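First comes the structure, then the notes that go with it.
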Amino acid sequence: MIELSDLLTGNPYPGRGVLCARTLTGETVGGYFLTGRSAASRDRALRLEGDELLVGPTETVGHDPLRHYAAATTTPDWLVLGNGEQVGQVAARLRDGAASTEALGGLEYEPDPPIRTSRITALLSRDGRTAVLGAARPSAGSRLTTNVMTLTVQDLQPGEGVLLTTYRSDGAEVLVAAPFDEVSITAQDGAHLLDQMWSALNPGYRVAAVVIDPAKGPASMLKVSA
């Protein structure tokens, strides 16, 4: 497996990413980062409101559903991470009794042609034992219907992680990302993982990143921002 830092360094503009990982000391955490090319995309900040981690503007401006959303929330059983308004939708389905894979089904990629940004979501069980990741991605070809993928990962071992990103890009040409990446984790703990993730993101595009303990929810977040 490729090391997380190497993967991110080799993908200068990954868009947004969700990570489920287990550090070398056995700590299971969820990670989230966002990057941006435009001034509007970089003009964002993360803030905690109740038990939700919100992505919003640094200044008080109108709500843009493609750039402003809840990036993390919890249900009794799951930490939910994602890159759009589907986070609230998935969490509501889980609270209503839907199975994890059912909650991640029926989503669509973002209505932002020509890029057609993927919706990526990660569910990490509050006990840290199970991760279920979902992506609603556009086809790499001309087909406009959505490819919907779910991946269940059980019992991550220390030094293992699974990452979803929205793009593969050098900052100029934007392509659909791989379905998922299994990565090796060399961080000893969540704070070290956050530092590695942030350091590997291209300084010209990075906006913010967090690491969250699934048992404690977004209030436990470790955060860094540009």
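No lab work stands behind these numbers, since they all come straight from the coordinates. Quick caveat, the model's predicted, so the values are computed rather than measured. All Cβ positions, glycine included, derive from the backbone under ideal geometry; neighbour counts span all protein chains shown.
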Quick one: 3J(HN,Hα) in Hz for the range 156-161, Karplus 6.51/-1.76/1.60 with θ = phi - 60°, rounded, Gly and Pro as x.
3, 8, x, x, 10, x
Over the Cα atoms, compute the radius of gyration (one decimal) and Dmax (the largest Cα-Cα distance, rounded to a whole number) for the chain, in Å.
15.8, 45
Note down the nm distance, to one decimal, between modelled labels 7 Å out along Cα→Cβ at VAL148 and at SER220.
3.1
Residue by residue, what Karplus-based ³J(HN,Hα) values in Hz, rounded to whole numbers, does the range 167-176 have, using 6.51, -1.76 and 1.60 with θ = phi - 60° and x for Gly and Pro?
10, 10, 7, 8, x, 9, 8, 10, 10, 5
Quick one: GLU182, GLU59, GLU27, fewest Cβ neighbours within 10 Å first, how do they rank?
GLU59, GLU182, GLU27
Within the range 108-139, what residues put their amide N at less than 15 Å from the label point 7 Å along the Cα-to-Cβ vector of ASP77?
123-133
Output wanted: per-residue J couplings in Hz (rounded whole) for the range 30-43, from phi through Karplus 6.51 cos²θ - 1.76 cosθ + 1.60, θ = phi - 60°, x for Gly and Pro.
x, x, 8, 9, 9, 10, x, 9, 7, 4, 5, 5, 7, 7
Restricting the count to DSSP beta bridges whose residues both fall in the chain, what percent are antiparallel, rounded to a multiple of 5?
95
Residues THR186, THR166 arranged by fewest to most Cβ contacts within 10 Å:
THR186, THR166
Ranking MET197, MET1 by Cβ neighbours within 10 Å, fewest first, what do you get?
MET1, MET197
